[in-house]
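The values are calculated or read from the model by the stated rules, or taken from the named source; none is laboratory data. Everything numeric here is computed off the predicted structure, so don't read it as measured data. Because the Cβ atoms are built from the backbone with ideal geometry, glycine has one as well, and the counts that use them run over all protein chains shown. Calculation scope for accessible area: heavy atoms of the full protein, side chains included, ligands and nucleic acids excluded. Shrake-Rupley method; radii C 1.70, N 1.55, O 1.52, S 1.80 Å.
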Amino acid sequence: MIKIGIIGSSLISDKFCTAVLESDLDVVLEANYSRSIERAKQFGDKYNVRLNFDSKSEMLKVVDMVYIATPNSLHYEDVKQALIAGVHVLVEKPMTVTSAQTEELFDLARDNNLVLVEAIKTCSMNTYQSGLQLLDKIGEVKSFRFNMMREYGNFPTDEDNVANIYRSDMDGGVVADLGSYALFPVIDFIYPNADSEDIKLQSFANNEGLDVDVDITARLFCTTCKKRGLITLSMHTEDNSPSYIYGTDGFITIDSLSQFNTIKVYDNNQHLIETINRTNEHLMASELKHTIELINSDMLESSIHNKYKSVKVAKLLEALNK
């Protein structure tokens, strides 16, 4: 049985714990950490976590794997501490705030024979993986239009109660919170064989004066494969339009880049060829299952979540942040 620890008691940690409890995997929520033991117990009681800690180092002594959902600015140190302690890691996206840090952590995991996975939940879903196999049905991929626009509500004005996703000092904001959902499909579906240096990115920001209150449209072009497209990110504009991948013989639609519920394939006459629906399981179930499979099979690097892809996306996130 794999003993799982939790670092971070935000809403996403609630969802992860629910996914663990609903799974049929041989795992247990063994421990969780919070800055105060009172908060740790409060969180732990909700999910029958056996042990509660206000010390990360002590918690890491009793678990085999840790799920990290702390503010983005803390990911690097938290992951590094866990890997040095000999614990496998599943860390929320973005793994770190720089490509250099991401590369360093993957190297550290390899040197310590540990699994390190960036928790971009869509990549391991059946729809995402099936979609990659459907690309041949639209011929040669030519262009794309990816939409990741969500309504997070008004920017908070209470300085004592600002969520971390709105705080620049915690490396929050639209690029960090939503960028990975668009960029992982970009490298998997559009530019799988292109080096980061081959992908040129030009962004246009509509900034309302606050670091996260911004819409970003980015134009991407690959100098080697000549494929181009647009991505749009927003935390204050809701747009549920699908995303598109256009080929010479048809096109693919993705209903939601953050959920990948449904993928549809059409020919050039807009006739529906095939539909793939996501399996009926918790949104975070596939990434949990995949991480556990890697640990149980002693596979240190995944074809789905690995150093090459995470570093490649991290470099594009850096370009967007500029």
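Take the conditions crowded, with 18+ Cβ neighbours inside 10 Å and of a type in the set (Ser, Thr, Tyr) and apply them to Ser258. Does it pass?
no
For Ile7, state whether it is open to solvent by 30 Å² or more (accessible area, probe 1.4 Å), within 19 Å of the chain's Cα centre (by Cα) and either at pLDDT 95 or above or closer than 22 Å to Val79 by Cβ (or both).
Criteria not met by Ile7.
Among the residues of segment 211-226, write down those that are modelled with pLDDT of 90 or more and surrounded by 21 or more Cβ atoms within 10 Å (Cβ to Cβ).
Ala218, Leu220, listed by residue number.
What is the one condition in (1) in contact with a Leu (Cβ under 7 Å, 6 or more places away or on another chain); (2) open to solvent by less than 10 Å² (accessible area, probe 1.4 Å) that Ser13 does not satisfy?
Checking Ser13 against (1) in contact with a Leu (Cβ under 7 Å, 6 or more places away or on another chain); (2) open to solvent by less than 10 Å² (accessible area, probe 1.4 Å), the one that fails is (1).
Anything in segment 126-146 that is touching a Pro at 6+ places or on another chain (Cβ under 8 Å) and hydrophobic (A, V, I, L, M, F, W, C)? List them, or say none.
Residue satisfying the conditions is Phe146 alone.
Please find, within segment 27-77, the residue that is nearest to Phe106 (Cα to Cα) out of those that are open to solvent by 50 Å² or more (accessible area, probe 1.4 Å), in a loop (DSSP other than H, G, I, E, B) and free of Cβ contacts under 8 Å to residues at least 40 places away in the same chain.
Lys61
Go over the candidates Val174, Val117 one by one and state the one that is under 19 Å from the mean Cα position of the chain (by Cα), buried (at least 20 other Cβ atoms within 10 Å of the Cβ) and at pLDDT 95 or above.
Val117
Within segment 78-100, take every residue that is polar (S, T, N, Q) and touching a residue at least 40 places away in the same chain (Cβ under 8 Å) and give me the one that is most open to solvent (accessible area, probe 1.4 Å).
The extreme case among them is Thr98.
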